[in-house]
1. From A:173, A:92, grab the single residue that is free of Cβ contacts under 8 Å to residues at least 40 places away in the same chain, more than 17 Å from the chain's Cα centre (by Cα) and in the same structural domain as residue A:332 (by TED's automatic domain parsing).
2. Residue by residue through the range A:270-311, note down the ones that are facing chain B (nearest Cβ under 7 Å) and more than 29 Å from residue A:105 (Cα to Cα).
3. Among the residues of the range A:152-163 satisfying the criterion of being free of Cβ contacts under 8 Å to residues at least 40 places away in the same chain and assigned to a helix (DSSP H, G or I), which is surrounded by the fewest Cβ atoms within 10 Å (Cβ to Cβ)?
4. Restricting attention to the range A:348-355, does a residue exist that is touching a residue at least 24 places away in the same chain (Cβ under 8 Å) and more than 30 Å from residue A:29 (Cα to Cα)?
5. Select from the range B:1-60 the residues that are within 26 Å of residue A:85 (Cα to Cα), at pLDDT below 80 and in contact with a helix residue (DSSP H, G or I) (Cβ under 6 Å, 6 or more places away or on another chain) and list them in ascending order.
6. Condition first: in contact (Cβ under 8 Å) with a residue 40 or more places away in the chain, away from chain B (no Cβ under 13 Å) and either under 30 Å from residue A:44 (Cα atoms) or in a helix (DSSP H, G or I) (or both). Now tell me which residues in the range A:216-244 satisfy that.
7. Given the conditions (1) more than 14 Å from chain B (Cβ to nearest Cβ); (2) farther than 20 Å from residue A:257 by Cα, report the number of the one that residue A:359 does not fulfil.
8. For residue A:92, all conditions in the list (1) surrounded by 24 or more Cβ atoms within 10 Å (Cβ to Cβ); (2) more than 9 Å from every other protein chain (Cβ to nearest Cβ) hold save one; what is the number of the exception?
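The values are calculated or read from the model by the stated rules, or taken from the named source; none is laboratory data. This is a predicted model, so every value here is computed, not measured. Note that each Cβ is placed from the backbone with ideal geometry, even for glycine, and that neighbours are counted across all protein chains shown.
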């Protein structure tokens, strides 16, 4: 590999990103521009930005590697990503969110909920959940990107981490959401091209769609005994019902990541960046195809890499990657793809990491600046941009510090914790805000608090994957998890916390006085 | 997991035996096509309220700018 050529390609890419960040900065005049991109974003930019924020490096490399290990069952996640994460999100939630956000002049996700329920508590509590929950998720992506720069561009890890953070911080702080979304659209386009080539070349390499799948089906007898014990029945078969892998697949991956996406603050805010429902209609088209090209391709190629490795090295993918599922996709790309594609794919991964991170930093900045600080201090308006910029800088600094400090075992559950928290804390309140006029402030607050704390309790004391590395259960109870009987240690928090939070929201709403009719009318103006 | 026997239909489809996996493979593609179809059918719908919203937005932006000028002394 030619390091000089790769460095030049990356430099050109960084310059392009810098230019788009500069355009965002030039076009930012007020806080509406800075936080909701002036509500006039083009549908292509909106859809690509939503998609690129949604899909991080870990969705391609991490989950793609998991598909290499466990097979195509992960496609259930792709289906939910498209059907729930795009279609339902845009058509059912997005249009109402846009309109209600406009009616209430809301500029952040917590602000939308707070104004809908007329509660300052909702705004700063939600802002705190975002600001405290997101840094670990952001540093996972940051560390991944820095490691990637270290290995591919031959730059020292600490330097890479710092350099990368400064570049992102610069265009997020200066360009606001416009800067973030313009650069996202470029990054998403690069990702789309990279993944499309990967799919085409993999299928053509393995003799076409049906032949490639058939070859993968025929590998079922090669499933190692330890994976078979977890329920693995082959790479083109669902795991055995009720097995450990089945529970993980269904509850964590499919429900947690697939449904949880509906209430991710950095995605919801994008619905408020377009000027009408028409833009969302157009964005659905682009978003659906984009996500299919991302996770759909990553999971199919991840699974099919087994066929390539068996044909060429007589070992399955996980063995070819020396037992580390995160290495399956990179090893496969390096071995099976032409050299020019390795450069394209590296740019794809860099783009995926940057687009996710920039939105995380922006969401955290608005959470701490607009939602927590301004709400608690009671200031509004004038200094919004300045305070949010300071918030973004704090978020970047925290992510970098965590990146240096946290051991890998704690970092890994970071993403799961944030996804689970968002779904349980925000989804019941958000769904009721949009669809149920009878929902009350007390109901929303009760659901928010229940979802947050049940989720945290489950993560710390019950769900093995987070409870063991966190070690708090061990410290207090003297054992790894509270309930060791199967399937509880592998049941994702979302399965318990989300329905409970929904129930509490509805029950408390029904038990309290209905909200004022005129306020509800204002919220729902123009919404059938 | 077998809900029906694919071999009765003359062997496997797309090289996948498990109907749950074959089903989700097709569902993923179909859901993307649903997005495409929905987008095309509704390409020009939903923008009816746009002119009045833009008018409101312009007056709001003017208010915001004057507020910033007042508070920050810009």
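1. A:92
2. Result: A:289, A:292, A:296.
3. Going through the qualifying residues, I end up with A:159.
4. Checked the range A:348-355: at least one residue is touching a residue at least 24 places away in the same chain (Cβ under 8 Å) and more than 30 Å from residue A:29 (Cα to Cα).
5. Listed by number, the list holds a single entry, B:47.
6. Hits for the range A:216-244 are A:222, A:227, A:244.
7. With respect to (1) more than 14 Å from chain B (Cβ to nearest Cβ); (2) farther than 20 Å from residue A:257 by Cα, residue A:359 is out only on (2).
8. Checking residue A:92 against (1) surrounded by 24 or more Cβ atoms within 10 Å (Cβ to Cβ); (2) more than 9 Å from every other protein chain (Cβ to nearest Cβ), the one that fails is (1).
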